[in-house]
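Participant: Take this structure first; my questions come after.
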Amino acid sequence: METNDKGEIELLTVKEVAKLLRLSESKVRDLQCTRRLPFIKVGGAVRFEKREIVEYLKRKT
């Protein structure tokens, strides 16, 4: 995992990813469940690394 300028890993929630991708939260969950979006679980909660989401966008353009 990469870090931001402050040395922190930027993790996003489903809601934040939906806003970033301009998709519904249910669509983001569908992409997560079908493993099209990389994700991790933190204490049972689904999180997405911002860098990986940006890379996903680049691959789709």
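The values are calculated or read from the model by the stated rules, or taken from the named source; none is laboratory data. For clarity, every value in this text was computed on a predicted model and none was experimentally measured. Cβ atoms come from the backbone with ideal geometry, glycine included; neighbour counts cover every protein chain shown. Accessible surface is based on the protein model in full, side chains and every heavy atom, while ligands, DNA and RNA are left aside. Shrake-Rupley method; radii C 1.70, N 1.55, O 1.52, S 1.80 Å.
Participant: For segment 29-45: of the residues being under 19 Å from Glu8 (Cβ atoms) and surrounded by 10 or more Cβ atoms within 10 Å (Cβ to Cβ), which is farthest from the chain's Cα centre (by Cα)?
Facilitator: Ranking the qualifying residues of segment 29-45, first place goes to Ala45.
Participant: Are there any pairs, at least 6 apart or on different chains, whose C-beta atoms fall under 9 Å, with the first in segment 15-27 and closer than 12 Å to Lys50 by Cβ and of a type outside the set (S, T, N, Q) and the second assigned to a helix (DSSP H, G or I) and open to solvent by 80 Å² or more (accessible area, probe 1.4 Å), and if so, which?
Facilitator: Correct list of pairs: Val17/Glu25; Leu21/Lys27.
Participant: I've got another one for you. Going by what's in this entry, would Lys58 be described as open to solvent by 70 Å² or more (accessible area, probe 1.4 Å), modelled with pLDDT under 95, assigned to a helix (DSSP H, G or I) and not aromatic (Phe, Trp, Tyr)?
Facilitator: Yes, satisfied.
Participant: For Gly7, which of the numbered conditions (1) farther than 18 Å from Lys58 by Cα; (2) at pLDDT 95 or above; (3) open to solvent by less than 60 Å² (accessible area, probe 1.4 Å) fails to hold?
Facilitator: The number of the failed condition is (2).
Participant: Now, a different point. Please go through segment 22-40 and pick out each residue that is at pLDDT below 95 and either in contact with a Lys or Arg (Cβ under 8 Å, 6 or more places away or on another chain) or of a type in the set (Ser, Thr, Tyr) (or both).
Facilitator: none
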